[in-house]
Every structure is written in structure tokens, then in C-alpha cells.
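The values are calculated or read from the model by the stated rules, or taken from the named source; none is laboratory data. Worth saying up front: this structure is predicted, and the values here are computed from it rather than measured. Quick reminder, even Gly has a Cβ in these numbers, built from the backbone with ideal geometry, and neighbours come from all protein chains shown.
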Ligand code: PMP
């Protein structure tokens with residue numbers, strides 16, 4: 001096996017899934033949307049299959065979907081997006097990230113990755129042939145710290161990979177943090193790659209800032225990666241996009257042609273049939289997620305956990321009192337004794353032991369299920385303190 005393949009660690013959660021599935025544990029680990037995509041998309045995808053969209057689409061993405069994505073982003077972010085020269089449809093954000101990293105870095109280059117991180121990010125950096133340098137989000141508030149970023153820069157640093165809203169912490173990075181990031185990128189001529197799959201899930205009136213909307217000074221040096229997986233509840237359709245300046249987009253498309261030759265054509269036609277999301281619909285889904293967030297934060301605090309209330313995204317990261325054991329062991333106990341699958345903290349930190357005591361809970365179940373699962377977690381965590389190991 002290649003060195004870079006060997007560098008990609010198995011998902012920490014993988015070891016827990018068989019036991020969780022067998023025992024019927026409530027899955028609060030994976031960010032899989034519940035429910036179905038809007039009916040109009042399903043109908044249009046079926047019609048596309050029936051009418052013979054069986055061959056390759058334009059590798060850059062079907063023009064209809066590129067225009068739909070550009071129009072949607074343009075409306076929400078208050079910017080102009082050029083569907084012809086700035087948008088590439090990828091097979092989910094996951095392929096979009098790989099394409100962006102391959103286009104922006106050479107083998108041996110370094111990419112700054114805030115830690116804790118979405119667990120697939122380091123692996124995608126490795127597969128692109130670069131290596132991740134982790135920069136801790138600092139303090140209880142998990143802030144992006146200009147000094148910490150600066151300290152991590154080396155002559156090999158080429159890019160920053162930022163997930164905003166952030167999985168797993170729920171941070172929505174603010175103006176001061178973006179100012180520091182902008183200064184850093186300009187000082188060292190770095191590419192900023194933003195993973196914005198949770199862009200519509202921002203709570204309490206916080207504003208989602210992005211090179212495309214809010215921070216225009218970064219736009220010419222940025223690749224914005226987005227997804228239809230979460231907002232349209234179509235994670236299995238594997239549709240995402242890269243948004244980048246025209247010359248970068250030309251390069252991204254060359255890479256994307258070699259990784260996939262394009263996302264599935266009939267499904268692109270299905271997704272393209274959806275108009276821009278109705279703001280009322282987005283607001284009601286967001287309000288529901290906000291209620292779930294409050295319920296989960298309260299429940300976890302009752303269970304003795306320390307929680308920093310997420311400002312966005314689909315997850316709550318919590319520090320339990322069980323700091324002695326390994327986080328995977330703690331997660332296994334919760335499967336076996338509480339019937340709940342959470343993501344172990346080890347998934348989100350690079351150094352061994354760093355995630356000790358941490359768990360991540362996803363907001364993807366309805367409130368009744370969340371409440372029932374949290375009651376079992378509380379019963380377990382408060383009644384059976386985990387003995388410190390010698
Ligand atoms: N980025 C982040 C931060 C995610 O949490 C996820 C899904 N868990 C993805 C990307 C994957 O998105 P996609 O389904 O579009 O590949």
C-alpha cells in the first residue's frame with residue numbers, strides 16, 4: 001500500500017457500529033439526514049431516468065444544476081456567482097474537498113487544520129499527498145486564534161482547511177476570527193478551503209461568514225466547498241459543489257474529470273428541478289434544530305457534562321466527567337448500557353488520548369427520541385462513574 005493510503009486511519013466509530021446496530025442502539029453519532037428529499041427532486045430524477053439521462057453529464061456538472069446552485073448561493077449570500085466559470089458539481093462535498101486539496105497543494109505541502117476537526121478532513125489531506133498541521137481552537141469557546149495559526153505556518157504551508165459552521169464544535173467563526181485568518185492568508189499567500197456543508201444551520205442570529213458572502217477580500221484565494229446532502233436531505237445522491245475563481249475552477253475541473261468524470265447525471269437533473277429553498281422552510285428546519293440543540297445541551301449538562309452551546313451545525317461536543325478512560329471505551333459503554341451510540345472524542349483529535357472524556361452527539365433525531373436517549377445517557381453517566389485507571 002502507498003504511504004498516503006496507510007496514513008488514512010480507520011474511522012474511530014467503525015469499531016462500534018456492529019454492536020450498536022445489533023443491539024438497536026439509538027444512533028446519535030452519524031450526521032445522516034432523516035427523512036427524504038423534496039418530492040419534486042425525486043419525481044424529476046425518476047423522469048430523468050425514464051427519459052434517458054443515462055450517460056455522462058457535462059463533467060463540470062449539468063448546466064441546470066450549476067445554475068441552480070449559483071442562483072441559490074447568489075440569493076442567500078448577496079453575491080454574484082458565475083455558473084459557467086465558478087461552479088463545479090462534485091460527488092458530494094467529500095470529493096469536492098479532495099479535488100480542492102489536490103488542486104491547491106503539491107505532495108509534501110502542509111495544510112493548516114483547526115483541531116478538533118471533522119474526522120474525514122485529515123484523511124482527505126493525506127490522500128491529496130499533503131500533510132495536515134493541526135492548530136488548536138483555543139479556550140472553552142474554541143476560538144480560531146491568529147497567533148496559534150501563525151505559529152503553525154512553515155515554509156511548506158500552502159492552505160488552510162476550515163469547516164464553518166464547524167463539526168464537531170458547532171462554532172460559527174466570527175468577524176475577528178476571519179480578520180485574523182485573512183491577515184494570515186495574505187501574509188503567507190495561502191489558499192483558503194472552506195467546507196460549508198452546514199451553511200444553512202446557524203442559530204441565535206449568528207451570521208455565517210464566507211469568502212463568498214461577508215469576507216469578499218478572501219474570495220480570490222478561496223475554494224468554497226458545499227453540499228446538497230444536508231440541506232436537501234439527499235446524502236445518498238452524492239451531490240456537492242466547489243465554488244472558486246474562474247482560473248482555479250478550470251484547474252478544479254481538470255482534477256474532477258480525473259477523479260469521477262462527474263456526478264450522477266439523472267440525480268443532478270433531479271436536484272436541479274428544485275427551485276431555491278423557500279426561506280420559510282429553511283427557517284422552520286433551523287428552528288427545529290435549534291430546539292434540539294437546546295434539548296441536547298440541557299440534557300448533557302444534567303448528565304454532568306461540560307458543553308459549549310453550538311452556534312451552528314448538527315452536533316454538540318461535550319466533555320463528560322469520565323476523563324479517565326479512553327473515549328472509545330466510554331462510547332462502547334454507552335452503547336452497551338444506555339443503548340445510545342455517540343461519536344467518541346478520539347475521532348476529532350490527532351494526538352492519542354486527546355479526545356479522552358469527550359463525546360459528540362448529533363441532532364438528527366426528533367426531540368422525543370433525543371430526550372429518551374439522553375435520559376439513558378444521564379442515568380448511565382450519573383449512576384456509574386467510571387473508575388479512574390491506575
Ligand atoms: N463536511 C462535513 C463537515 C461533514 O460533516 C460532512 C458529513 N458528515 C461532509 C463534509 C460530507 O458531505 P457530503 O455528503 O456532501 O460528501
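Residues checked against (1) more than 19 Å from residue 222 (Cα to Cα); (2) out of contact with any helix residue (DSSP H, G or I) (no Cβ under 6 Å at 6 or more places or on another chain); (3) touching a residue at least 60 places away in the same chain (Cβ under 8 Å):
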residue: 65; (1), (2), (3): yes, no, yes
residue: 76; (1), (2), (3): no, yes, yes
residue: 79; (1), (2), (3): no, yes, yes
residue: 84; (1), (2), (3): no, yes, no
residue: 90; (1), (2), (3): no, no, yes
residue: 118; (1), (2), (3): yes, yes, yes
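Do the conditions hold for residue 161, that is, is it part of a strand (DSSP E or B) and under 30 Å from residue 279 (Cα atoms)? The answer is yes for residue 161. Counting the residues of segment 26-41 that are within 16 Å of the ligand (Cβ to nearest atom) and either free of Cβ contacts under 8 Å to residues at least 24 places away in the same chain or part of a loop (DSSP other than H, G, I, E, B) (or both) gives 10. Report, ordered by the first and then the second residue, all pairs with beta carbons closer than 7 Å, sequence separation of six or more or different chains, a first member in segment 130-159 that is in the same structural domain as residue 178 (by TED's automatic domain parsing) and touching a residue at least 60 places away in the same chain (Cβ under 8 Å), and a second member that is surrounded by fewer than 18 Cβ atoms within 10 Å (Cβ to Cβ) and in a loop (DSSP other than H, G, I, E, B). From residues that are in the same structural domain as residue 178 (by TED's automatic domain parsing) and touching a residue at least 60 places away in the same chain (Cβ under 8 Å), the pairs are 134/350; 140/308; 141/308; 142/308. Among the residues making up segment 256-270, those that are assigned to a helix (DSSP H, G or I) and within 16 Å of the ligand (Cβ to nearest atom) are 256, 259, 267, 268, 270. Scanning segment 334-356 for residues that are assigned to a helix (DSSP H, G or I) and surrounded by 17 or more Cβ atoms within 10 Å (Cβ to Cβ) yields a total of 7. Of the residues making up segment 201-228, those that are in a loop (DSSP other than H, G, I, E, B), in contact (Cβ under 8 Å) with a residue 60 or more places away in the chain and surrounded by fewer than 21 Cβ atoms within 10 Å (Cβ to Cβ) are 203, 204, 206, 208, 213. Taking the listed residues 122, 116, 165, the one that is crowded, with 20+ Cβ neighbours inside 10 Å and within 21 Å of residue 213 (Cβ to Cβ) is 165, with no other qualifying. From the set of residues in segment 125-158 that are modelled with pLDDT of 95 or more and out of contact with any helix residue (DSSP H, G or I) (no Cβ under 9 Å at 6 or more places or on another chain), which is surrounded by the fewest Cβ atoms within 10 Å (Cβ to Cβ)? Checking each candidate, the answer is 155. For the condition more than 15 Å from the ligand (Cβ to nearest atom), at pLDDT 95 or above, under 18 Å from residue 273 (Cα atoms) and in contact with a strand residue (DSSP E or B) (Cβ under 9 Å, 6 or more places away or on another chain), residue 90 does not qualify. Based on this model, can you work out whether residue 67 counts as farther than 24 Å from residue 170 by Cα and assigned to a loop (DSSP other than H, G, I, E, B)? It is false that residue 67 is farther than 24 Å from residue 170 by Cα and assigned to a loop (DSSP other than H, G, I, E, B).
If I go through segment 236-252 residue by residue, how many of them are assigned to a helix (DSSP H, G or I) and surrounded by fewer than 21 Cβ atoms within 10 Å (Cβ to Cβ)? Result for segment 236-252: 5. Any residue in segment 85-108 that is surrounded by fewer than 19 Cβ atoms within 10 Å (Cβ to Cβ) and over 30 Å from residue 264 (Cα atoms)? Yes. Right, residue 83: away from the ligand (no atom under 12 Å from the Cβ), closer than 22 Å to residue 237 by Cβ and either part of a loop (DSSP other than H, G, I, E, B) or modelled with pLDDT of 95 or more (or both) or not? Against the criterion (away from the ligand (no atom under 12 Å from the Cβ), closer than 22 Å to residue 237 by Cβ and either part of a loop (DSSP other than H, G, I, E, B) or modelled with pLDDT of 95 or more (or both)), residue 83 qualifies.
Report yes if residue 9 is surrounded by fewer than 22 Cβ atoms within 10 Å (Cβ to Cβ) and within 24 Å of the chain's Cα centre (by Cα), otherwise no. Yes: the conditions hold for residue 9. Being touching a helix residue (DSSP H, G or I) at 6+ places or on another chain (Cβ under 7 Å) and outside any helix (DSSP H, G or I) holds for only one residue in 44, 60, 19, and it is 60. Taken over segment 186-212, the criterion of being more than 16 Å from the ligand (Cβ to nearest atom) and touching a helix residue (DSSP H, G or I) at 6+ places or on another chain (Cβ under 6 Å) is satisfied by 191, 203, 209, 211, 212. Would you confirm, using the coordinates I've provided, whether residue 232 is assigned by TED's automatic domain parsing to the domain that holds residue 176, surrounded by fewer than 22 Cβ atoms within 10 Å (Cβ to Cβ) and outside any helix (DSSP H, G or I)? Yes. Kindly provide the set of residues from segment 301-313 that are under 11 Å from residue 382 (Cα atoms) and crowded, with 17+ Cβ neighbours inside 10 Å, ordered by number. Scanning segment 301-313 gives 303, 305.
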